[in-house]
Amino acid sequence: MAHSHEHAHAHGATANRTRLLVAIAIIGAFLVVQVVGGVLSGSLSLLADAGHMASDLIGLVVALVAAMVAARPATDRQTYGYRRAEVLGALVNGVILIVVAVTVLVSAVGRLVSGAEGEAHEVRGGVMLVVAVLGLLANLAAMLVLRAGAKDSINVRGAYLEVLGDLIGSGLVIIAAVVIVTTGFDAADPIASMAIAVLIVPRALMLLRDVMHVLFESAPADTDVAEIREHLLGTPGVVAVHDVHVWQITSGSPVFSAHVEVDADVFESGCAGALLDELGGCLSEHFDVAHSTFQLEPAGRAEQEPTRHP
């Protein structure tokens with residue numbers, strides 16, 4: 001089962017790299033169009049969306065590099081391989097999102113203040129609208145490409161969230177452009193920019209939270225440690241389970257270790273190997289844990305350990 005899990009992970013990693021390449025091509029091709037359109041229209045929200053798209057592109061490249069590094073095999077020094085590079089890639093993406101949000105917010109507030117003081121900022125709503133619609137379509141295409149991989153990889157999830165946010169941003173720019181074209185209310189442009197910035201922050205914080213969970217080796221959110229312990233205790237021959245640890249190398253790669261106290265006849269009858277197979281199979285089948293380590297101990301061994309964990 002472990003071999004099958006590894007094969008599936010390798011296949012998924014290859015598919016994710018392909019998805020990232022396609023998304024990079026889509027976003028990169030349209031970024032130039034959006035920057036030119038922002039300059040020609042004088043739209044801050046369009047340039048803000050272009051800045052967000054530029055961060056998307058950087059984030060996608062970082063995610064691709066991280067995915068390529070993560071695909072390298074394990075060594076005697078890097079015994080788990082380089083999978084955590086995906087987590088570091090997601091960390092970079094989260095930081096980029098925060099920087100973009102703050103930059104856009106400051107620029108939008110600055111334009112609103114200058115507008116209130118009488119400084120005019122003419123915005124060509126028609127150009128702004130056309131470019132924003134094209135941006136919406138480009139982001140939609142990239143989002144659909146990344147959607148499948150976002151479920152299994154925190155790295156791809158970070159890239160997906162960036163593109164999803166940019167999709168929403170393009171929608172806000174379209175609304176602002178329609179308002180400008182129909183009413184001439186140019187302040188709709190920086191207001192839309194501020195809305196884009198506000199939308200970016202929560203997604204960035206959610207991504208950074210997921211990254212911190214992995215880096216601090218917290219148990220996966222969908223893993224119930226008490227339920228795992230109960231399953232193990234239900235195995236014939238098992239008396240007690242302690243020193244239980246569950247963490248992730250990267251998203252979708254949980255690791256488990258525990259000290260398992262067993263009846264004396266397990267050792268005397270030579271059934272220790274069979275018990276280990278049964279315990280590992282339990283975790284793989286019921287909890288999708290491919291990497292598990294068990295230390296078999298005679299009953300009562302925990303009382304002799306100087307430091308005992310639950």
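The values are calculated or read from the model by the stated rules, or taken from the named source; none is laboratory data. Note that the structure is a prediction, hence the values are computed from the model and not measured. Here Cβ is always computed from backbone atoms with ideal geometry, including for glycine, and neighbour counts include all displayed protein chains. Remember, those area values only see protein heavy atoms, side chains included, never the ligands or the DNA or RNA. Shrake-Rupley method; radii C 1.70, N 1.55, O 1.52, S 1.80 Å.
At a glance:
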read-out: Dipole of segment 128-240, positive direction: furthest Cα of Ile200, Ala176, Ala221, with charges on the beta-carbon; value: Ala176
read-out: Candidate values (1) 22.1; (2) 19.3; (3) 19.9, label of the one derived for Kirkwood radius over Cα pairs in Å; value: (1)
read-out: Sorted peptide list for 269-282, 31-44, 100-113, 68-81, criterion being average Cβ within 10 angstrom, highest first; value: 31-44, 100-113, 269-282, 68-81
read-out: Protein accessible area in the chain, 1.4 Å probe - carbon and sulfur %; value: 65
read-out: 5 angstrom amide H check on Val289, placed H, neighbours 5+ away; value: Ser284
read-out: Helix-only [θ]222 nm of the chain, DSSP H runs n ≥ 4, -39500 (n - 2.57) each, per residue, nearest 500; value: -24000 deg cm²/dmol
read-out: Between segment 38-116 and segment 130-180, the Cα center-to-center distance that results, in Å; value: 14
read-out: Most positive-pole-ward Cα, Val123, Gly270, Thr14, against dipole of the chain from beta carbon charges; value: Val123
read-out: Highest to lowest packing among 130-142, 227-239, scored as the average C-beta count within 10 Å; value: 130-142, 227-239
read-out: DSSP H segments from the chain that extend 30 Å or more along their own axis, Cα-based, with Kyte-Doolittle mean of 0.0 or above; value: 2-41, 44-70, 85-116, 125-150, 154-183, 188-215
read-out: Interatomic Cα distance distribution for segment 158-310, bins of 5 angstrom, percent; value: 2, 8, 14, 13, 11, 9, 7, 6, 6, 6, 5, 4, 4, 3, 2, 1, 0, 0
read-out: Percent antiparallel among DSSP beta bridges (both partners in segment 174-310, rounded to 5); value: 50
read-out: Prolate/oblate/rounded call for segment 37-186, Cα gyration tensor, a/c under 1.5 rounded; value: prolate
read-out: Listed residues Ala142, Met68, Leu97: farthest to the positive end of the dipole of segment 33-152 (Cβ charges); value: Met68
read-out: Accessible area expressed per residue, the chain, with surrounding protein chains retained (probe 1.4 Å, Å²); value: 48
read-out: Highest average packing first - 214-226, 46-58, Cβ atoms within 10 Å; value: 46-58, 214-226
read-out: Cβ-placed point charges (K, R +1; D, E -1), dipole of the chain about Cα centre in debye, nearest 20; value: 1360
read-out: Extension gain (nm, one decimal) between Phe216 and Arg72, 0.36 nm per residue minus Cα-Cα; value: 49.5 nm
read-out: Amide H contacts of Val239 (H built 1.01 Å from N, under 5 Å, at least 5 apart or other chain); value: Glu261, Val262, Asp263
read-out: Neighbour net charge for Ala204 - beta-carbon separation under 14 angstrom, K R +1, D E -1; value: -1
